[in-house]
Amino acid sequence: GAVVSQHPSWVICKSGTSVKIECRSLDFQATTMFWYRQFPKQSLMLMATSNEGSKATYEQGVEKDKFLINHASLTLSTLTVTSAHPEDSSFYICSATNSGGSYGYTFGSGTRLTVV
Amino acid sequence: GENVEQHPSTLSVQEGDSAVIKCTYSDSASNYFPWYKQELGKGPQLIIDIRSNVGEKKDQRIAVTLNKTAKHFSLHITETQPEDSAVYFCAASEGSGGSYIPTFGRGTSLIVHP
C-alpha cells in the first residue's frame, strides 16, 4: 500500500523562527501533494496544492510568503513556516497522490507545531 | 464548487452495535468517495473508498453505499469495538489522482462504549 512519511511529528519553536516540515512518499511517485491545517475538533483546511516541479497553488487567505511550499521531487514536499508566531500553532498534515490515482489520497501522520 | 455535508457530528454507540455515518455531496461530477479514520494526534487513514460505478463495497466490518441519484453515500460499521472510536471523515472528488482536490465533510466523532 501507499505510505507517506511526515517529519517531524511535533516541534516547538520560538516566535520569529522558521520551521520546516517534510513529507515523503515512500513507495510511489507523488505527482501532487496537498498541505492541510487542522484546528482542534475541526475538519481539514486545505492550505495549498503542489505539483512536482511547479509552484504551489495556495488557497484563498493563505499567505504564500509565510507558508513556503517546495515540491522539487516526486517523493518529497516541504512546508516551511517562516517567522512563526503563536497563532501559527496548529496540526499540519500532508497528503499525496499519484497521477493515475491508484492509491487515492494518502496522508502523512501530521506535525504538531507549537510556537512559544 | 463541491459541498459535502456529513452527519451526525457525534455518534455514541454501545460495543457490538452498528454505526452509520451519512454524507451528501452537491457536484454531480464527483465520482470518487473515500472515507478516513483519524485517531487523536494522527493523520487520517483511508479505511474504504468507492467509485461511482459501484453501489456498495464491503471490507469485513466496514461497508460503504453510494446513491448517485440522491447524491449521498454512507459508511456502515458493524459489530463496533472500542478501538473503532475515532473521528471519521468522508470526502468527494472528481477523481482520485492528478490534481483533483477532494472536498471533506466536517467529520463525525464516533464513541464506542465498552
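The values are calculated or read from the model by the stated rules, or taken from the named source; none is laboratory data. Keep in mind that what you see is a predicted model, and the values were worked out from it rather than measured. We place every Cβ from the backbone using ideal geometry, glycine too, and count neighbours over all the protein chains shown. All accessible areas refer to the heavy atoms of the entire protein, side chains included, with ligands and DNA or RNA removed. Shrake-Rupley method; radii C 1.70, N 1.55, O 1.52, S 1.80 Å.
Inside region B:34-114, counting only strands (runs of 3 or more DSSP E) that do not spill past its ends, which hold 2 or more residues that are out of contact with any Asp or Glu (no Cβ under 8 Å at 6 or more places or on another chain) and not aliphatic (A, V, I, L, M)?
Output list reads B:45-51, B:56-59, B:72-77, B:86-92, B:108-113.
Every residue in region A:59-94 that is assigned to a loop (DSSP other than H, G, I, E, B), farther than 13 Å from A:Q29 by Cβ and polar (S, T, N, Q), please.
Matches in region A:59-94: A:Q60, A:T82, A:S83, A:S89.
Does region A:95-105 contain any residue that is open to solvent by 20 Å² or more (accessible area, probe 1.4 Å), under 21 Å from B:S99 (Cα atoms), part of a strand (DSSP E or B) and not small (G, A, S)?
Checked against the condition, which is being open to solvent by 20 Å² or more (accessible area, probe 1.4 Å), under 21 Å from B:S99 (Cα atoms), part of a strand (DSSP E or B) and not small (G, A, S), region A:95-105 yields no hits at all.
Scan region A:1-27 residue by residue and report those that are in a loop (DSSP other than H, G, I, E, B) and open to solvent by 90 Å² or more (accessible area, probe 1.4 Å).
A:G1, A:K14, A:L26
Given A:A84, A:A30, A:A56, A:A72, which one is touching a residue at least 60 places away in the same chain (Cβ under 8 Å) and either open to solvent by 80 Å² or more (accessible area, probe 1.4 Å) or more than 20 Å from B:G43 (Cα to Cα) (or both)?
It is A:A84.
Just to verify a result, which residue in region A:106-116, among those that are surrounded by fewer than 17 Cβ atoms within 10 Å (Cβ to Cβ) and not polar (S, T, N, Q), is farthest from the other protein chains (Cβ to nearest Cβ)?
Looking at the filtered set, the residue picked out is A:V116.
Kindly indicate the residue of region A:41-53 that is modelled with pLDDT of 90 or more and open to solvent by 60 Å² or more (accessible area, probe 1.4 Å) and also farthest from the chain's Cα centre (by Cα) among those meeting that condition.
A:Q42
Can you pull out the residues in region B:76-114 that are more than 13 Å from B:D17 (Cβ to Cβ) and more than 14 Å from chain A (Cβ to nearest Cβ)?
Hit for region B:76-114 is B:E83, nothing else.
Pick out the one residue from A:I69, A:I21 that is among the β-branched types (V, I, T), more than 26 Å from B:F33 (Cβ to Cβ) and within 13 Å of another protein chain (Cβ to nearest Cβ).
Criteria check complete, one pass: A:I21.
Please state which of the following conditions B:E15 fails to meet, knowing it meets all the rest: (1) open to solvent by less than 80 Å² (accessible area, probe 1.4 Å); (2) more than 28 Å from A:A30 (Cα to Cα); (3) of a type outside the set (K, R); (4) touching a strand residue (DSSP E or B) at 6+ places or on another chain (Cβ under 8 Å).
Every condition holds for B:E15 apart from (1).
Specify which of the listed residues (B:Q60, B:Q45) is surrounded by fewer than 17 Cβ atoms within 10 Å (Cβ to Cβ), without any contact (Cβ under 8 Å) to a residue 40 or more places away in the chain and within 10 Å of chain A (Cβ to nearest Cβ).
Only one candidate passes the filter, namely B:Q45.
Residue check: is A:Y36 surrounded by 22 or more Cβ atoms within 10 Å (Cβ to Cβ), within 14 Å of the chain's Cα centre (by Cα) and within 13 Å of chain B (Cβ to nearest Cβ)?
The answer is yes for A:Y36.
Could you please let me know if B:Y25 is under 27 Å from A:L113 (Cβ atoms), among the aromatic types (F, W, Y) and surrounded by 16 or more Cβ atoms within 10 Å (Cβ to Cβ)?
No, not satisfied.
How do the pairs read when you match residues in region B:19-32 that are within 17 Å of B:V112 (Cα to Cα) and away from chain A (no Cβ under 14 Å) with residues anywhere that are open to solvent by 60 Å² or more (accessible area, probe 1.4 Å) and aromatic (F, W, Y), using Cβ under 6 Å and keeping only pairs 6 or more apart or on different chains?
Taking only residues 6 or more apart or on different chains, not a single pair turns up.
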